[in-house]
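Colleague: One structure coming up, written as structure tokens, with questions to follow.
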Amino acid sequence: MGLALQPALLILDEPTQGLAAGEIDALCRLVRDIAERATVLLIEHNMAVVLELASRITVMDQGRVIAEGAPREIEAHPEVQRAYLGRRARPAR
């Protein structure tokens, strides 16, 4: 219903919450389609979805911004890895 008026901005808050894997794939296809004609602001904890869909990402942890950038930069960011990707940051050499 929200798409009927062809909004310039669509805000989605945790759209994958409670969806099965196949439903998430369908949602990703829909978001990509909508993003061709509107700005999509996605608030999401499913980092795989975020990294797949977003061109620019801002990551927050406990109310503060810990990283901003392109998906590749975000995926490599040590604080993002620790907070959301379940990986330990590699020690600096």
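The values are calculated or read from the model by the stated rules, or taken from the named source; none is laboratory data. These numbers come from a predicted model, not from an experiment. All Cβ positions, glycine included, derive from the backbone under ideal geometry; neighbour counts span all protein chains shown.
Colleague: Do we have Glu79 as out of contact with any Asp or Glu (no Cβ under 6 Å at 6 or more places or on another chain) and either at pLDDT 95 or above or assigned to a loop (DSSP other than H, G, I, E, B) (or both) here?
Modeller: Considered against the rule, which asks whether it is out of contact with any Asp or Glu (no Cβ under 6 Å at 6 or more places or on another chain) and either at pLDDT 95 or above or assigned to a loop (DSSP other than H, G, I, E, B) (or both), Glu79 comes out as no.
Colleague: Any chance you could count how many residues in the stretch 44-58 are surrounded by 12 or more Cβ atoms within 10 Å (Cβ to Cβ), touching a residue at least 12 places away in the same chain (Cβ under 8 Å) and out of contact with any Phe, Trp or Tyr (no Cβ under 6 Å at 6 or more places or on another chain)?
Modeller: Number of matching residues: 9.
Colleague: All but one of (1) loosely packed, with under 10 Cβ neighbours inside 10 Å; (2) at pLDDT below 95 hold for Asp61; which doesn't?
Modeller: The one condition Asp61 does not meet is (1).
Colleague: Can you tell me which residues in the stretch 4-36 are surrounded by 11 or more Cβ atoms within 10 Å (Cβ to Cβ) and either in contact with a Phe, Trp or Tyr (Cβ under 6 Å, 6 or more places away or on another chain) or in contact (Cβ under 8 Å) with a residue 24 or more places away in the chain (or both)?
Modeller: Hits for the stretch 4-36 are Pro7, Leu10, Ile11, Leu12, Glu14, Pro15, Thr16, Ile24, Cys28, Ile34.
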